[in-house]
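Input: one structure, supplied below.
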Amino acid sequence: MREQTWQGFRPSGRQRGGRRRGVAVAAAVVVGVMAVGALAPSADARPDGVRQGLNGLVRSGGVPGALASVTDREGRTRNYTAGVGDLATGSKVPGDGQVRIGSNTKAFTAVVVLQLVGEGKVRLDAPVGTYLPGLVRGEGIDGGRITVRELLQHTSGLPDYVKYLADDVRYYEPRELLDLALRHKAEFAPGEKWKYSNTNYVLAGLIVQKVTGRPLPEEIDRRVIRRIGLRHTYFPAPGETTIRERHPRGYAQESAGGPLVDATEWDPSWAWAAGQMVSTNSDLNRFFTALLDGDLLPEAQLAEMRTTVPAGHPFAPGARYGLGLVSTPLSCGGVAWGHGGSTTGYETRGGVTDDGRAVSVAVTVQPGRATKERIERVVDAALCNP
């Protein structure tokens with residue numbers, strides 16, 4: 001099994017949406033990597049840690065393109081780009097372009113579940129079987145013993161279906177993803193420990209659909225996206241493989257140091273409630289800021305979301321996981337709240353602080369651990385040296 005990426009989605013050689021034309025672009029990609037010298041400036045020409053960090057990621061981090069959005073305490077936003085947006089053509093990275101946001105989707109799913117808790121339609125400490133009777137059963141797995149809270153907090157012990165995907169290209173129904181997980185035994189008893197599993201959020205999405213009688217994407221759109229005015233965020237429709245608005249191309253590598261292959265277009269249904277969405281850096285900043293400001297959840301449910309337990313891999317040292325929300329320590333003190341996401345072709349990291357600072361950074365390849373740590377340092381620099 002290949003090593004999981006930062007948010008549980010792995011880059012394997014079997015699912016690249018761009019592979020249909022991967023051989024054709026491979027040579028162009030190799031040439032493009034050599035030509036990544038042109039770094040696009042933002043409107044603000046002052047040197048700062050974010051710009052330097054993005055430029056460094058492109059020059060020596062193996063990243064084709066990088067983009068970021070930073071909002072200060074007064075609500076002023078700066079957008080940055082570095083590298084190229086398309087290795088085949090050499091075109092620039094579009095400022096604040098759309099990217100696949102991977103597991104940031106989990107925060108959106110968790111918000112909808114917690115809204116339903118606030119409405120009295122779901123109870124956090126009720127068993128999953130209350131809402132999906134008879135559905136969650138397997139070796140050491142009993143939906144009557146796993147609570148909704150344990151799903152959202154990754155303490156359920158459910159195995160991660162992503163490890164068992166045979167083909168990421170085709171369309172998957174959410175029940176298929178769940179069935180993949182339930183063929184394998186539980187990792188541990190519910191509540192015994194913490195371990196990241198995308199299966200938890202597939203079940204959370206199924207609970208939303210059962211309780212509301214509406215598709216999860218519609219509920220996320222109605223309850224979150226439209227409510228706070230996210231103009232460039234959406235949940236791709238079934239069969240939708242392209243990215244709708246301006247975006248940098250995303251890339252994949254078969255192995256470390258190998259050629260980059262265009263992996264922009266593919267069916268994201270295998271990620272569903274755990275990681276299917278598309279957004280921009282500025283929209284992610286707006287989402288997490290609105291969340292912390294109490295614009296999406298009642299005070300009691302936001303407090304539950306921010307109640308954390310220690311988290312391990314795939315998060316940064318010192319990170320703690322709440323209910324679809326992660327706190328990460330900052331070098332200047334305090335924490336940043338967010339989630340982050342890693343999925344085919346793109347990696348996103350960021351966070352917001354209680355005093356209104358926000359940053360989101362995206363790169364156009366799934367990087368190795370060392371480069372991920374460099375991205376984390378860019379996030380820290382943006383929040384500690386605004």
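Taking the dipole about the Cα centre of the chain, with the C-beta of Lys and Arg at +1 and of Asp and Glu at -1, give me whichever of A66, S91, L325 is farthest to the positive side.
The one lying farthest along the dipole's positive direction is S91.
Can you work out the Karplus-derived ³J(HN,Hα) for every residue in the range 81-93? Use 6.51 cos²θ - 1.76 cosθ + 1.60 with θ = phi - 60°, whole Hz, and x for glycine or proline.
Taking θ as phi minus 60°, the curve returns 9, 8, x, 10, x, 8, 5, 6, 10, x, 5, 6, 5 Hz for the range 81-93.
Which one of R246, R286, R76 has the biggest mean-square fluctuation once the chain is modelled by GNM with Cα springs under 10 Å?
R76
Need one word for the range 148-230: rounded, prolate or oblate. Basis is the Cα gyration tensor (sqrt eigenvalues a ≥ b ≥ c); a/c below 1.5 gives rounded, then a/b vs b/c decides. Mind dumping the intermediate values first?
Numbers: a/c = 2.23, a/b = 1.42, b/c = 1.57.
Oblate, since a/c reaches 1.5 and b/c is not below a/b.
So how many Lys-Lys pairs in the chain land under 28 Å Cα to Cα, not counting same-chain pairs under 8 apart?
23
Size of the dipole of the range 102-245 about the Cα centre, Lys and Arg at +1 and Asp and Glu at -1 on the beta carbon, nothing else charged, in debye to 20? Before the final figure, lay out the partial values.
Details: 21 positive and 18 negative charges, 83 e Å.
Computed charge dipole of the range 102-245: roughly 400 debye.
Using label points projected 7 Å from each Cα along Cα→Cβ, tell me how many nm separate V309 and D72, to one decimal.
Rounded to a tenth, the inter-label distance reads 4.1 nm.
I'd like the carbon and sulfur percentage of the solvent accessible area for the chain, probe radius 1.4 Å, heavy atoms only, ligands and nucleic acids excluded.
Working: 7470 of 14690 Å².
On the chain, the fraction of accessible area on carbon and sulfur atoms equals 51 percent.
Let me ask you something else. Between rounded, prolate and oblate, where does the range 291-360 land on the alpha carbon gyration tensor, with a ≥ b ≥ c its root eigenvalues, rounded for a/c under 1.5, else prolate if a/b exceeds b/c? Present the calculation step by step, with values, prior to reporting the outcome.
Working: a/c = 1.40, a/b = 1.37, b/c = 1.02.
Rounded, because the longest to shortest axis ratio a/c is under 1.5.
Okay, next question. Under a 1.4 Å probe, what is the accessible area of the range 231-372 per residue, stated in Å²? Before the final figure, lay out the partial values.
Numbers: 4540 Å² over 142 residues.
With all protein chains present, the range 231-372 gives 32 Å² per residue.
Taking the chain as the reference, fit the longest principal axis to its C-alpha atoms, fit the long axis of helix 199-212 to the helix C-alpha atoms, and give the angle between the two in degrees, 0 to 90, nearest 10.
Value to nearest ten degrees: 60.
Calculate how steeply helix 22-34 sits against the longest principal axis of the alpha-carbon atoms of the chain, using the helix alpha-carbon long axis, and give the answer as 0 to 90 degrees to the nearest 10.
50
Which whole number in µm²/s is D for the chain by Stokes-Einstein, with the Kirkwood Rh taken over Cα pairs at 25 °C and 0.890 mPa s?
119
Could you please state, rounded to a whole Å, how far the C-alpha centre of the range 134-155 is from the C-alpha centre of the range 112-126?
So the separation of the two Cα centres works out to 16 Å.
Please state the charge dipole magnitude for the chain, taken about the Cα centre, from unit charges on C-beta atoms (+1 on K and R, -1 on D and E), reported in debye and rounded to the nearest 20. Working shown, then result.
Values: 47 positive and 40 negative charges, 90 e Å.
Here the size comes out at about 440 debye.
Kindly write out, for the range 223-234 in residue order, the coupling ³J(HN,Hα) from the Karplus curve 6.51 cos²θ - 1.76 cosθ + 1.60 (θ = phi - 60°), rounded to whole Hz, with x marking Gly and Pro.
So the J values, rounded to whole Hz, are 8, 10, 4, 6, 4, 10, x, 7, 7, 10, 10, 7.
Over what distance in Å are the Cα centres of the range 360-382 and the range 214-278 separated?
19
Using the alpha-carbon atoms, what tilt in degrees (0 to 90, nearest 10) does helix 104-118 show relative to the longest principal axis of the chain?
Tilt relative to the chain: about 30 degrees.
What distance in nm separates the two pseudo spin-label positions at D355 and E240, each 7 Å out from Cα along the beta-carbon direction?
Between D355 and E240, the label points sit 3.9 nm apart.
What are the ³J(HN,Hα) couplings of the range 337-348, residue after residue, when phi is run through the Karplus curve with 6.51, -1.76, 1.60 and θ = phi - 60°? Round to Hz, x for glycine and proline.
10, x, 8, x, x, 9, 8, 3, x, 8, 9, 10
The values are calculated or read from the model by the stated rules, or taken from the named source; none is laboratory data. Remember, predicted model here, so these are calculated numbers, not experimental data. Cβ sites come from the backbone with ideal geometry, for glycine too, and all protein chains shown count toward neighbours. These accessible areas exclude ligands, DNA and RNA; they are computed on the full protein's heavy atoms, side chains included. Shrake-Rupley method; radii C 1.70, N 1.55, O 1.52, S 1.80 Å.
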